[in-house]
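To start, the structure under review is shown below, and the notes come after it.
The values are calculated or read from the model by the stated rules, or taken from the named source; none is laboratory data. Bear in mind the structure is a predicted one, so any value in this text is a computation, not a measurement. Cβ: placed from backbone, ideal geometry, glycine included. Neighbour counts: every protein chain shown.
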Amino acid sequence: MSDQDWDVVIVGAGAGGLTLASYLGKSGVRVLVMDPRPEIEPLGRGELIQPLGLEILEELSLLEGLHGLPHCRNEGFQFLNGKSELLMRSRYSCLEGRFPFAISLEPHHLDQLMVNQLTNLSGVRVIFGARYHSHRTNETGVVVEWEESGVARTAFSRVLVGDDGRRSRVRSSGKFSGQVVTYNDSYLSWSFDIPPEGPDVLKGQEGQYFLSAGKIFFLFPVSPTRRFFLYMLKNRDRRFLNEKGLDGLLSELDGWVDGMSGVLRKGGLQDTAQIPEMVVMKVSLKNWVDGNVVLMGDAAHAMNPHVAQGRNQAMQDARVLAKLLCEGLALGSRGCSSALSEYERIRRPVTERLHGLADEMTLVWNSGNPLIVKVRERVFRGIGRKPSLERKIVRTISGLGFEPLTVLDRMNAFWSGG
Ligand SMILES: Cc1cc2nc3c(=O)[nH]c(=O)nc-3n(C[C@H](O)[C@H](O)[C@H](O)COP(=O)(O)OP(=O)(O)OC[C@H]3O[C@@H](n4cnc5c(N)ncnc54)[C@H](O)[C@@H]3O)c2cc1C
(Lines give C-alpha, C1' and ligand atoms only; values in the text may rest on other atoms or scores of the structure.)
Protein backbone atom coordinates (compact mmCIF):
# COMPACT_ATOMS: atom_id res chain seq x y z
CA MET A 1 0.00 0.00 0.00
CA SER A 2 1.23 3.51 -0.78
CA ASP A 3 0.88 6.59 1.41
CA GLN A 4 -2.34 7.38 -0.45
CA ASP A 5 -3.93 3.94 0.05
CA TRP A 6 -5.70 3.16 3.29
CA ASP A 7 -8.11 0.57 4.64
CA VAL A 8 -10.01 3.27 6.51
CA VAL A 9 -9.89 7.07 6.30
CA ILE A 10 -11.42 8.81 9.32
CA VAL A 11 -12.44 12.45 8.94
CA GLY A 12 -12.16 14.13 12.36
CA ALA A 13 -9.90 13.50 15.35
CA GLY A 14 -12.70 13.90 17.91
CA ALA A 15 -13.68 11.41 20.60
CA GLY A 16 -15.21 8.99 18.09
CA GLY A 17 -12.50 9.17 15.42
CA LEU A 18 -9.65 8.71 17.88
CA THR A 19 -11.38 5.78 19.58
CA LEU A 20 -12.04 4.11 16.23
CA ALA A 21 -8.43 4.62 15.11
CA SER A 22 -7.23 3.04 18.39
CA TYR A 23 -9.36 -0.08 18.02
CA LEU A 24 -8.56 -0.51 14.30
CA GLY A 25 -4.86 0.30 14.65
CA LYS A 26 -4.44 -2.26 17.43
CA SER A 27 -5.94 -4.86 15.05
CA GLY A 28 -3.43 -4.03 12.31
CA VAL A 29 -5.80 -2.03 10.08
CA ARG A 30 -4.16 0.83 8.12
CA VAL A 31 -5.88 4.06 9.15
CA LEU A 32 -5.52 7.72 8.19
CA VAL A 33 -7.10 10.30 10.54
CA MET A 34 -7.33 13.93 9.38
CA ASP A 35 -8.35 17.04 11.30
CA PRO A 36 -8.06 20.75 10.33
CA ARG A 37 -7.01 21.94 13.79
CA PRO A 38 -3.27 22.60 14.11
CA GLU A 39 -3.26 20.37 17.21
CA ILE A 40 -5.57 19.18 19.99
CA GLU A 41 -6.96 22.33 21.63
CA PRO A 42 -8.94 23.05 24.83
CA LEU A 43 -12.71 23.23 24.24
CA GLY A 44 -13.34 25.67 27.09
CA ARG A 45 -15.61 23.24 28.92
CA GLY A 46 -15.63 19.99 30.81
CA GLU A 47 -17.15 16.62 30.00
CA LEU A 48 -18.22 13.53 31.83
CA ILE A 49 -16.80 10.17 30.93
CA GLN A 50 -19.56 7.82 31.96
CA PRO A 51 -19.05 4.19 33.07
CA LEU A 52 -19.65 3.18 29.41
CA GLY A 53 -16.74 5.39 28.27
CA LEU A 54 -14.56 4.09 31.11
CA GLU A 55 -15.19 0.50 29.98
CA ILE A 56 -14.00 1.46 26.50
CA LEU A 57 -10.91 3.27 27.78
CA GLU A 58 -10.07 0.20 29.85
CA GLU A 59 -10.32 -2.01 26.72
CA LEU A 60 -7.90 0.38 24.99
CA SER A 61 -5.45 0.26 27.96
CA LEU A 62 -5.95 3.99 28.54
CA LEU A 63 -7.26 3.92 32.10
CA GLU A 64 -3.87 4.27 33.75
CA GLY A 65 -3.07 7.25 31.52
CA LEU A 66 -6.48 8.75 32.30
CA HIS A 67 -5.78 8.58 36.03
CA GLY A 68 -2.58 10.57 35.41
CA LEU A 69 -4.56 13.48 33.85
CA PRO A 70 -6.14 16.35 35.79
CA HIS A 71 -9.61 14.97 36.54
CA CYS A 72 -12.21 14.34 39.22
CA ARG A 73 -13.85 11.10 40.19
CA ASN A 74 -17.58 11.85 40.21
CA GLU A 75 -19.55 9.77 42.68
CA GLY A 76 -22.83 11.43 41.69
CA PHE A 77 -24.83 14.61 41.09
CA GLN A 78 -26.95 16.86 43.14
CA PHE A 79 -30.11 18.46 41.76
CA LEU A 80 -31.03 21.68 43.55
CA ASN A 81 -33.82 24.22 43.19
CA GLY A 82 -33.56 28.00 42.75
CA LYS A 83 -32.98 28.43 46.51
CA SER A 84 -30.09 25.96 46.38
CA GLU A 85 -32.14 23.39 48.34
CA LEU A 86 -31.30 19.78 47.54
CA LEU A 87 -34.07 18.03 45.56
CA MET A 88 -32.32 14.73 44.88
CA ARG A 89 -28.99 12.98 44.44
CA SER A 90 -28.07 10.53 41.69
CA ARG A 91 -25.28 8.29 42.91
CA TYR A 92 -23.25 5.99 40.71
CA SER A 93 -22.73 3.75 43.76
CA CYS A 94 -26.12 2.19 43.00
CA LEU A 95 -24.56 0.58 39.88
CA GLU A 96 -22.98 -2.82 39.98
CA GLY A 97 -19.88 -3.41 37.84
CA ARG A 98 -16.35 -2.11 37.57
CA PHE A 99 -17.16 1.59 37.43
CA PRO A 100 -19.59 2.89 40.07
CA PHE A 101 -18.45 6.44 39.21
CA ALA A 102 -17.86 8.80 36.28
CA ILE A 103 -14.76 10.87 35.51
CA SER A 104 -15.08 14.56 34.74
CA LEU A 105 -12.28 16.42 33.00
CA GLU A 106 -11.42 18.90 30.30
CA PRO A 107 -11.66 16.61 27.26
CA HIS A 108 -8.59 17.88 25.39
CA HIS A 109 -6.42 16.13 27.99
CA LEU A 110 -7.99 12.79 27.11
CA ASP A 111 -7.86 13.45 23.35
CA GLN A 112 -4.14 14.23 23.63
CA LEU A 113 -3.58 11.01 25.57
CA MET A 114 -5.30 9.09 22.76
CA VAL A 115 -3.25 10.82 20.05
CA ASN A 116 -0.05 9.97 21.95
CA GLN A 117 -1.05 6.32 22.09
CA LEU A 118 -1.85 6.31 18.34
CA THR A 119 1.68 7.45 17.46
CA ASN A 120 2.91 4.04 18.70
CA LEU A 121 0.71 2.15 16.22
CA SER A 122 2.63 1.67 12.97
CA GLY A 123 -0.47 1.41 10.71
CA VAL A 124 -2.08 4.64 11.96
CA ARG A 125 -1.34 8.19 10.83
CA VAL A 126 -3.00 11.20 12.44
CA ILE A 127 -2.56 14.42 10.48
CA PHE A 128 -3.50 17.80 11.94
CA GLY A 129 -3.84 20.84 9.65
CA ALA A 130 -5.63 18.48 7.23
CA ARG A 131 -9.14 19.23 5.96
CA TYR A 132 -11.47 16.87 4.13
CA HIS A 133 -13.18 18.44 1.08
CA SER A 134 -15.18 15.81 -0.81
CA HIS A 135 -15.33 12.18 -1.86
CA ARG A 136 -16.60 9.97 -4.65
CA THR A 137 -17.18 6.24 -4.53
CA ASN A 138 -16.19 3.59 -7.08
CA GLU A 139 -16.50 -0.25 -7.20
CA THR A 140 -13.59 -0.84 -4.84
CA GLY A 141 -13.84 1.98 -2.35
CA VAL A 142 -13.78 5.74 -1.89
CA VAL A 143 -11.61 8.48 -3.41
CA VAL A 144 -11.11 11.23 -0.82
CA GLU A 145 -10.14 14.80 -1.74
CA TRP A 146 -8.49 16.68 1.12
CA GLU A 147 -5.97 19.37 1.81
CA GLU A 148 -2.88 19.32 4.00
CA SER A 149 -1.41 22.69 5.00
CA GLY A 150 -3.03 24.28 1.95
CA VAL A 151 -1.86 21.58 -0.50
CA ALA A 152 -4.55 19.55 -2.33
CA ARG A 153 -4.24 15.79 -1.72
CA THR A 154 -6.09 12.65 -2.82
CA ALA A 155 -6.36 9.41 -0.86
CA PHE A 156 -7.97 6.09 -1.70
CA SER A 157 -9.70 4.14 1.02
CA ARG A 158 -11.81 1.02 1.25
CA VAL A 159 -14.05 2.74 3.79
CA LEU A 160 -14.56 6.45 4.62
CA VAL A 161 -15.76 7.33 8.11
CA GLY A 162 -17.24 10.78 8.81
CA ASP A 163 -16.64 11.71 12.45
CA ASP A 164 -16.42 15.40 11.63
CA GLY A 165 -18.93 16.65 14.16
CA ARG A 166 -22.45 17.99 14.09
CA ARG A 167 -21.84 20.27 11.07
CA SER A 168 -20.31 17.33 9.16
CA ARG A 169 -19.04 17.98 5.66
CA VAL A 170 -18.88 14.26 4.89
CA ARG A 171 -22.62 14.20 5.63
CA SER A 172 -23.38 17.08 3.28
CA SER A 173 -21.18 15.60 0.52
CA GLY A 174 -22.86 12.17 0.72
CA LYS A 175 -26.44 10.95 0.36
CA PHE A 176 -27.60 11.32 3.92
CA SER A 177 -31.05 12.66 4.67
CA GLY A 178 -32.72 13.68 7.90
CA GLN A 179 -32.90 16.56 10.34
CA VAL A 180 -30.22 18.89 11.70
CA VAL A 181 -31.75 21.30 14.21
CA THR A 182 -30.44 23.84 16.70
CA TYR A 183 -32.17 23.89 20.11
CA ASN A 184 -33.71 27.21 21.19
CA ASP A 185 -31.61 27.54 24.31
CA SER A 186 -27.82 27.67 24.32
CA TYR A 187 -25.25 27.71 27.17
CA LEU A 188 -22.57 30.06 28.34
CA SER A 189 -19.55 28.02 29.36
CA TRP A 190 -16.66 29.00 31.60
CA SER A 191 -13.79 27.12 33.27
CA PHE A 192 -11.94 28.55 36.28
CA ASP A 193 -9.49 27.71 39.06
CA ILE A 194 -10.57 27.79 42.70
CA PRO A 195 -8.09 29.75 44.82
CA PRO A 196 -7.15 28.09 48.15
CA GLU A 197 -9.21 30.71 50.02
CA GLY A 198 -12.24 30.07 47.74
CA PRO A 199 -15.54 29.07 49.39
CA ASP A 200 -15.82 25.46 50.63
CA VAL A 201 -19.07 24.97 48.75
CA LEU A 202 -17.07 25.19 45.49
CA LYS A 203 -14.64 22.51 46.59
CA GLY A 204 -17.10 19.56 46.55
CA GLN A 205 -16.41 16.77 44.06
CA GLU A 206 -20.03 16.18 42.97
CA GLY A 207 -21.61 17.82 39.95
CA GLN A 208 -24.42 20.25 40.81
CA TYR A 209 -27.45 21.06 38.67
CA PHE A 210 -29.28 24.17 39.84
CA LEU A 211 -32.70 24.34 38.19
CA SER A 212 -35.26 27.08 38.72
CA ALA A 213 -38.01 28.57 36.52
CA GLY A 214 -36.42 29.07 33.07
CA LYS A 215 -32.90 28.95 34.56
CA ILE A 216 -30.22 26.27 34.49
CA PHE A 217 -26.79 26.46 36.06
CA PHE A 218 -24.53 23.35 35.95
CA LEU A 219 -21.38 23.36 38.04
CA PHE A 220 -18.86 20.55 37.64
CA PRO A 221 -15.39 19.75 38.94
CA VAL A 222 -12.85 19.03 36.18
CA SER A 223 -9.87 18.60 38.53
CA PRO A 224 -9.46 18.91 42.31
CA THR A 225 -8.85 22.66 41.90
CA ARG A 226 -10.72 23.53 38.71
CA ARG A 227 -14.43 23.89 37.91
CA PHE A 228 -16.54 24.67 34.89
CA PHE A 229 -20.10 25.87 34.54
CA LEU A 230 -22.81 26.01 31.94
CA TYR A 231 -25.40 28.77 32.27
CA MET A 232 -28.50 28.52 30.11
CA LEU A 233 -29.06 31.41 27.71
CA LYS A 234 -32.83 31.26 27.17
CA ASN A 235 -33.75 31.56 23.48
CA ARG A 236 -30.07 32.29 22.79
CA ASP A 237 -30.87 35.88 23.77
CA ARG A 238 -27.54 37.57 24.35
CA ARG A 239 -29.25 40.95 24.55
CA PHE A 240 -30.82 39.86 27.84
CA LEU A 241 -27.33 39.11 29.12
CA ASN A 242 -25.96 42.44 27.92
CA GLU A 243 -28.76 44.26 29.75
CA LYS A 244 -28.11 42.24 32.88
CA GLY A 245 -24.37 42.93 32.63
CA LEU A 246 -21.61 41.09 34.47
CA ASP A 247 -22.76 42.42 37.86
CA GLY A 248 -26.27 41.09 37.30
CA LEU A 249 -25.02 37.70 36.15
CA LEU A 250 -22.57 37.35 39.04
CA SER A 251 -25.10 38.31 41.67
CA GLU A 252 -27.40 35.63 40.23
CA LEU A 253 -24.58 33.07 40.46
CA ASP A 254 -23.86 34.19 44.04
CA GLY A 255 -27.50 33.43 44.80
CA TRP A 256 -26.81 29.80 43.87
CA VAL A 257 -23.26 29.46 45.14
CA ASP A 258 -22.24 32.01 47.74
CA GLY A 259 -18.83 33.49 46.92
CA MET A 260 -18.87 32.52 43.24
CA SER A 261 -18.57 36.08 41.96
CA GLY A 262 -15.37 36.78 43.92
CA VAL A 263 -13.72 33.63 42.53
CA LEU A 264 -14.71 34.42 38.94
CA ARG A 265 -13.56 38.05 39.15
CA LYS A 266 -10.29 36.96 40.70
CA GLY A 267 -9.88 34.46 37.84
CA GLY A 268 -10.04 37.30 35.30
CA LEU A 269 -13.72 37.47 34.33
CA GLN A 270 -14.36 41.15 33.59
CA ASP A 271 -17.04 41.19 30.91
CA THR A 272 -19.84 38.87 29.79
CA ALA A 273 -18.44 39.14 26.24
CA GLN A 274 -15.53 36.95 27.40
CA ILE A 275 -17.85 34.00 28.05
CA PRO A 276 -18.27 31.78 24.99
CA GLU A 277 -21.72 30.61 23.96
CA MET A 278 -22.20 26.92 23.11
CA VAL A 279 -25.12 26.14 20.84
CA VAL A 280 -26.74 22.75 21.18
CA MET A 281 -27.82 20.72 18.16
CA LYS A 282 -29.68 17.56 17.32
CA VAL A 283 -28.78 15.45 14.29
CA SER A 284 -31.35 12.81 13.46
CA LEU A 285 -30.78 11.01 10.16
CA LYS A 286 -32.69 8.44 8.11
CA ASN A 287 -29.47 6.63 7.17
CA TRP A 288 -25.90 6.55 8.44
CA VAL A 289 -24.43 4.55 5.55
CA ASP A 290 -24.02 5.47 1.88
CA GLY A 291 -22.07 2.76 0.01
CA ASN A 292 -18.67 2.50 1.72
CA VAL A 293 -19.14 5.82 3.54
CA VAL A 294 -20.37 5.80 7.12
CA LEU A 295 -21.11 8.44 9.75
CA MET A 296 -20.53 8.22 13.47
CA GLY A 297 -20.59 10.38 16.61
CA ASP A 298 -22.09 13.87 16.38
CA ALA A 299 -22.04 13.73 12.56
CA ALA A 300 -24.62 10.92 12.80
CA HIS A 301 -26.51 11.72 16.00
CA ALA A 302 -25.49 14.91 17.88
CA MET A 303 -27.66 15.10 20.98
CA ASN A 304 -28.60 17.55 23.73
CA PRO A 305 -25.98 17.48 26.52
CA HIS A 306 -28.71 16.98 29.16
CA VAL A 307 -28.12 13.23 28.73
CA ALA A 308 -24.31 13.74 29.14
CA GLN A 309 -23.77 11.02 26.54
CA GLY A 310 -22.47 12.55 23.26
CA ARG A 311 -18.82 11.61 23.72
CA ASN A 312 -19.67 8.29 25.31
CA GLN A 313 -21.98 7.33 22.45
CA ALA A 314 -19.38 8.40 19.86
CA MET A 315 -16.92 6.08 21.62
CA GLN A 316 -19.48 3.26 21.65
CA ASP A 317 -20.08 3.79 17.90
CA ALA A 318 -16.33 3.30 17.45
CA ARG A 319 -16.26 0.17 19.58
CA VAL A 320 -19.10 -1.48 17.62
CA LEU A 321 -17.92 -0.27 14.20
CA ALA A 322 -14.31 -1.36 14.77
CA LYS A 323 -15.26 -4.95 15.62
CA LEU A 324 -17.55 -5.26 12.59
CA LEU A 325 -15.09 -3.54 10.25
CA CYS A 326 -12.19 -5.80 11.25
CA GLU A 327 -14.31 -8.81 10.27
CA GLY A 328 -15.71 -7.07 7.15
CA LEU A 329 -12.36 -5.85 5.77
CA ALA A 330 -11.06 -9.42 5.86
CA LEU A 331 -13.98 -10.52 3.63
CA GLY A 332 -13.56 -7.88 0.90
CA SER A 333 -15.98 -5.31 -0.49
CA ARG A 334 -19.16 -7.27 0.35
CA GLY A 335 -17.89 -7.83 3.87
CA CYS A 336 -17.41 -4.08 4.35
CA SER A 337 -20.94 -3.24 3.16
CA SER A 338 -22.56 -5.72 5.48
CA ALA A 339 -20.34 -4.55 8.38
CA LEU A 340 -21.52 -0.96 7.87
CA SER A 341 -25.21 -1.95 7.61
CA GLU A 342 -24.93 -4.06 10.74
CA TYR A 343 -23.29 -1.15 12.59
CA GLU A 344 -26.19 1.14 11.69
CA ARG A 345 -28.74 -1.54 12.62
CA ILE A 346 -27.22 -1.91 16.09
CA ARG A 347 -26.42 1.71 16.89
CA ARG A 348 -29.15 3.88 15.38
CA PRO A 349 -32.01 2.73 17.66
CA VAL A 350 -29.87 3.41 20.77
CA THR A 351 -29.23 7.00 19.76
CA GLU A 352 -32.86 7.54 18.69
CA ARG A 353 -34.00 6.54 22.18
CA LEU A 354 -31.49 8.96 23.72
CA HIS A 355 -32.75 11.75 21.44
CA GLY A 356 -36.28 11.14 22.71
CA LEU A 357 -35.12 11.24 26.32
CA ALA A 358 -32.99 14.37 25.76
CA ASP A 359 -35.94 16.18 24.17
CA GLU A 360 -38.16 15.33 27.11
CA MET A 361 -35.49 16.48 29.58
CA THR A 362 -35.11 19.73 27.63
CA LEU A 363 -38.86 20.36 27.76
CA VAL A 364 -39.02 19.79 31.52
CA TRP A 365 -35.65 21.14 32.71
CA ASN A 366 -35.55 24.30 30.56
CA SER A 367 -39.14 25.26 31.29
CA GLY A 368 -40.13 28.55 32.91
CA ASN A 369 -43.76 27.40 33.35
CA PRO A 370 -44.53 27.53 37.13
CA LEU A 371 -46.75 24.44 37.01
CA ILE A 372 -44.11 22.34 35.21
CA VAL A 373 -41.49 23.63 37.68
CA LYS A 374 -43.65 22.62 40.66
CA VAL A 375 -44.33 19.13 39.29
CA ARG A 376 -40.66 18.73 38.31
CA GLU A 377 -39.45 19.59 41.80
CA ARG A 378 -41.91 17.21 43.41
CA VAL A 379 -40.95 14.38 41.03
CA PHE A 380 -37.25 15.01 41.70
CA ARG A 381 -37.85 14.84 45.45
CA GLY A 382 -39.79 11.62 44.97
CA ILE A 383 -37.03 10.04 42.88
CA GLY A 384 -34.56 10.95 45.64
CA ARG A 385 -36.70 8.99 48.11
CA LYS A 386 -37.04 5.87 45.93
CA PRO A 387 -33.76 3.96 45.40
CA SER A 388 -35.28 1.85 42.58
CA LEU A 389 -36.06 5.02 40.60
CA GLU A 390 -32.67 6.59 41.31
CA ARG A 391 -31.06 3.39 39.99
CA LYS A 392 -33.00 3.59 36.71
CA ILE A 393 -31.87 7.18 36.16
CA VAL A 394 -28.24 6.38 36.92
CA ARG A 395 -28.24 3.24 34.69
CA THR A 396 -29.48 5.34 31.77
CA ILE A 397 -27.05 8.22 32.31
CA SER A 398 -24.14 5.80 32.77
CA GLY A 399 -24.65 4.61 29.17
CA LEU A 400 -24.74 0.99 30.38
CA GLY A 401 -28.49 0.58 29.92
CA PHE A 402 -31.63 2.42 28.92
CA GLU A 403 -34.24 2.42 31.65
CA PRO A 404 -36.34 5.58 31.40
CA LEU A 405 -39.04 6.08 34.01
CA THR A 406 -42.40 4.56 33.04
CA VAL A 407 -45.70 6.43 33.55
CA LEU A 408 -46.18 4.43 36.77
CA ASP A 409 -42.68 5.36 37.97
CA ARG A 410 -43.42 9.03 37.40
CA MET A 411 -46.72 8.83 39.29
CA ASN A 412 -44.92 6.99 42.09
CA ALA A 413 -42.26 9.72 42.21
CA PHE A 414 -44.90 12.44 42.19
CA TRP A 415 -46.78 10.95 45.16
CA SER A 416 -43.59 10.22 47.07
CA GLY A 417 -42.26 13.74 46.53
CA GLY A 418 -45.11 15.54 48.35
C1 LIG B 1 -22.19 22.18 26.13
C2 LIG B 1 -21.88 20.73 25.84
C3 LIG B 1 -21.62 19.83 26.91
C4 LIG B 1 -21.33 18.49 26.65
N5 LIG B 1 -21.09 17.63 27.70
C6 LIG B 1 -20.88 16.30 27.45
C7 LIG B 1 -20.63 15.36 28.51
O8 LIG B 1 -20.59 15.72 29.70
N9 LIG B 1 -20.44 14.05 28.22
C10 LIG B 1 -20.47 13.62 26.94
O11 LIG B 1 -20.32 12.40 26.70
N12 LIG B 1 -20.69 14.48 25.90
C13 LIG B 1 -20.89 15.78 26.13
N14 LIG B 1 -21.11 16.65 25.08
C15 LIG B 1 -21.12 16.12 23.71
C16 LIG B 1 -19.72 15.82 23.17
O17 LIG B 1 -18.91 16.96 23.27
C18 LIG B 1 -19.82 15.41 21.69
O19 LIG B 1 -20.91 14.55 21.52
C20 LIG B 1 -18.55 14.69 21.26
O21 LIG B 1 -17.46 15.58 21.26
C22 LIG B 1 -18.73 14.13 19.86
O23 LIG B 1 -17.53 13.56 19.43
P24 LIG B 1 -17.27 13.39 17.88
O25 LIG B 1 -15.97 12.67 17.78
O26 LIG B 1 -18.45 12.77 17.23
O27 LIG B 1 -17.19 14.86 17.27
P28 LIG B 1 -16.28 16.09 17.65
O29 LIG B 1 -15.69 15.94 19.00
O30 LIG B 1 -17.09 17.30 17.33
O31 LIG B 1 -15.06 15.99 16.61
C32 LIG B 1 -15.22 16.33 15.27
C33 LIG B 1 -13.85 16.63 14.68
O34 LIG B 1 -13.97 16.77 13.27
C35 LIG B 1 -13.08 17.77 12.84
N36 LIG B 1 -13.52 18.28 11.54
C37 LIG B 1 -14.51 19.15 11.26
N38 LIG B 1 -14.56 19.41 9.93
C39 LIG B 1 -13.57 18.65 9.36
C40 LIG B 1 -13.10 18.50 8.02
N41 LIG B 1 -13.66 19.14 6.97
N42 LIG B 1 -12.06 17.68 7.79
C43 LIG B 1 -11.47 16.98 8.82
N44 LIG B 1 -11.90 17.08 10.11
C45 LIG B 1 -12.92 17.93 10.37
C46 LIG B 1 -13.15 18.81 13.96
O47 LIG B 1 -11.98 19.63 13.96
C48 LIG B 1 -13.26 17.94 15.20
O49 LIG B 1 -12.01 17.70 15.79
C50 LIG B 1 -21.35 18.01 25.32
C51 LIG B 1 -21.61 18.89 24.25
C52 LIG B 1 -21.88 20.23 24.51
C53 LIG B 1 -22.17 21.17 23.34
Practice task
Consider Glu277 carefully, then state whether it is surrounded by fewer than 24 Cβ atoms within 10 Å (Cβ to Cβ) and within 16 Å of the ligand (Cβ to nearest atom).
Solution key: yes
Practice task
Please indicate, with yes or no, whether at least one residue in the stretch 89-99 is outside the structural domain of Asp164 (by TED's automatic domain parsing), surrounded by 18 or more Cβ atoms within 10 Å (Cβ to Cβ), in a loop (DSSP other than H, G, I, E, B) and in contact with an Asp or Glu (Cβ under 9 Å, 6 or more places away or on another chain).
Solution key: yes
Exercise for the section: Would you check if there is a residue in the stretch 222-240 being modelled with pLDDT under 95, away from the ligand (no atom under 16 Å from the Cβ) and hydrophobic (A, V, I, L, M, F, W, C)? Expected result: yes
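Assess whether Ala13 counts as being aliphatic (A, V, I, L, M), buried (at least 19 other Cβ atoms within 10 Å of the Cβ), within 13 Å of the ligand (Cβ to nearest atom) and under 15 Å from Ala322 (Cβ atoms).
So Ala13 fails the test.
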Practice task
Would you check if Val257 is modelled with pLDDT under 95 and in the same structural domain as Tyr209 (by TED's automatic domain parsing)?
Solution key: yes
Practice task
Answer yes or no as to whether Pro70 is in contact with a His (Cβ under 9 Å, 6 or more places away or on another chain), touching a residue at least 40 places away in the same chain (Cβ under 8 Å) and either surrounded by fewer than 18 Cβ atoms within 10 Å (Cβ to Cβ) or on the phi > 0 side of the Ramachandran plot (or both).
Solution key: yes
Practice task
Answer yes if at least one residue in the stretch 302-319 is touching a Leu at 6+ places or on another chain (Cβ under 8 Å), away from the ligand (no atom under 16 Å from the Cβ), in a helix (DSSP H, G or I) and in contact (Cβ under 8 Å) with a residue 60 or more places away in the chain, and no otherwise.
Solution key: no
Handout entry: Selection status of Arg37, more than 17 Å from Leu160 (Cβ to Cβ), surrounded by fewer than 19 Cβ atoms within 10 Å (Cβ to Cβ) and either of a type in the set (A, V, I, L, M, F, W, C) or within 14 Å of the ligand (Cβ to nearest atom) (or both)
Key = yes
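Let's see how each residue does on (1) farther than 20 Å from Ser191 by Cα; (2) assigned by TED's automatic domain parsing to the domain that holds Arg348; (3) surrounded by fewer than 20 Cβ atoms within 10 Å (Cβ to Cβ):
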| position | (1), (2), (3) |
| --- | --- |
| Val293 | yes, yes, no |
| Ala299 | yes, yes, no |
| Gly310 | no, yes, no |
| Gln313 | yes, yes, no |
| Ser333 | yes, yes, yes |
Problem - First in the stretch 122-142 and loosely packed, with under 14 Cβ neighbours inside 10 Å, second anywhere and polar (S, T, N, Q), Cβ under 8 Å, 6 or more apart - result: Ser134/Ser173; Glu139/Ser333; Thr140/Ser333
